[in-house]
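Novice: I have a structure here, written as structure tokens, and I will follow up with some questions on it.
The values are calculated or read from the model by the stated rules, or taken from the named source; none is laboratory data. These numbers come from a predicted model, not from an experiment. As a convention, Cβ positions derive from the backbone with ideal geometry for all residues, glycine included, and neighbour counts pool all protein chains shown. Just the protein is used for accessible areas: all its heavy atoms, side chains included, with ligands, DNA and RNA removed. Shrake-Rupley method; radii C 1.70, N 1.55, O 1.52, S 1.80 Å.
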Amino acid sequence: MVQPRHNVRAAVSWQVVAELLRRHHKACQLRVLETHPGGGTYDCLSLCYPRCGDVFGGHLVSFNVLSGHLFVWHPYGTPRVRLEQLGWPEGNNYVLAYLAAEDPKTVVDSIEALVGLPPEPPQLPPTTPPVLVARIVAGVLKRYLLARHRVEVRCGWFDSSGAGGSYVDRWVYEVPGFRDALAAAVAGPWQAQARIAARVWRLQRSDSDASVVLEMATGTAYSGGEQVSLFERYREVGRLPPVVDWVVTRLEA
């Protein structure tokens, strides 16, 4: 089966992750990571929660941006649906299912039930900085669906799943405040540096050096010497598009 182009797969992946975080980030303590399971074979967005597991907690689900397939690792609670009941293309292709759905919300609802997260709350919780960053990334990627170039989104912590060793990506050291924080953590266990680096994500156009770094803990953005609290800007305007515009403008500079 022909797969959609990378821009589409990435946008759908981040949209699904952003919606799940929007519903459950605070109550279930979800966090998003870039992971490369299979000894570094795959390129995934993974949701984790602190109930069990490694430095980032138990892996709940991985969304393979390359194939469009998802894999459930450790359900949060009792799943309310089985994958085979969903009738998705290729069995587990969430990207194709999302694109084919009359209402894409039904796909997010199905994933929520599949991984044992609670049903969507009657009222969405207030947006937190990590949720805002995920929503911004999804919003930016949707602007580039039909662009000739990509916007690459990379986490500051490169998790290789045992293939060559995991490490802090070198661009993280150029983010204000992070060089000192990483230097202070270097004498301790590697998990300390991993937690620091995993807080930042870089968006970079594939055809230029234009980039924006987003910090999840505070909703701060860094680009070309600028340091702006997009979380505060979002609270002021109460809408997502203006903060997405800010990032896109820097990527187009």
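Novice: Could you tell me which of Ala18, Phe158, Ser206 has its Cα farthest along the dipole of the chain towards the positive end, charges placed at Cβ (Lys, Arg +1; Asp, Glu -1), taken about the Cα centre?
Specialist: Of the listed residues, the answer is Ala18.
Novice: Sticking with this structure for a sec: Tally up the carbon and sulfur contribution to the accessible surface of the stretch 154-253 as a whole percent, 1.4 Å probe, everything protein left in place.
Specialist: Numbers: 2450 of 5060 Å².
Carbon-and-sulfur percentage of accessible area, whole number: 48.
Novice: Considering only protein heavy atoms and a probe of 1.4 Å, how much of the accessible area of the stretch 1-118 is carbon and sulfur, as a whole percent?
Specialist: Values: 2700 of 4920 Å².
Here it works out to 55 percent.
Novice: If I model a spin label at Arg150 and Ala181 as a point 7 Å from the Cα along the Cα→Cβ vector, what separation in nanometres do I get?
Specialist: Placing both labels 7 Å along Cα→Cβ, they lie 2.7 nm apart.
Novice: A further question follows. For Glu236 and Ala100, calculate 0.36 nm times their separation in residues minus their Cα-Cα distance, and state this gained length in nm to one decimal.
Specialist: Values: separation 136, 0.36 × 136 = 48.96 nm, distance 3.58 nm.
Extending this stretch completely gives an extra 45.4 nm.
Novice: In whole Hz, what ³J(HN,Hα) sequence does the stretch 136-141 give by Karplus (6.51, -1.76, 1.60; θ = phi - 60°), x for Gly and Pro?
Specialist: Couplings: 5, 4, 4, x, 5, 4 Hz.
Novice: Another question, then. Give, as ranges by residue number, the residues of the stretch 88-129 whose backbone N falls under 19 Å from the point 7 Å along Cα→Cβ of Ala27.
Specialist: Only 105-129 pass the distance filter.
Novice: With label points built 7 Å along Cα→Cβ from the Cα atoms of Ala210 and His6, find their separation and express it in nm.
Specialist: Roughly 1.8 nm, to one decimal.
Novice: In debye, nearest 20: dipole of the chain around its Cα centre with unit charges on the Cβ of K, R (+) and D, E (-)? Each step should come with its number before you reach the end.
Specialist: On the way: 26 positive and 24 negative charges, 43 e Å.
The dipole of the chain has a size of about 200 debye.
Novice: Find the accessible area per residue for the chain; the probe is 1.4 Å, ligands and nucleic acids are left out, and the unit is Å². Could you put the intermediate results ahead of the total?
Specialist: On the way: 11770 Å² over 253 residues.
That works out to 47 Å² per residue.
Novice: Only residues of the stretch 85-104 count here: report those whose backbone N is under 18 Å from the spot 7 Å along Cα→Cβ of Leu66, or say none.
Specialist: 92-96
Novice: Rounded, prolate or oblate for the stretch 117-244? Axes are the square roots of the Cα gyration tensor eigenvalues, ordered a ≥ b ≥ c, and the cut-off for rounded is a/c under 1.5. Spell out each step's value before the answer.
Specialist: Values: a/c = 1.55, a/b = 1.32, b/c = 1.18.
Note, shape of the stretch 117-244 comes out prolate.
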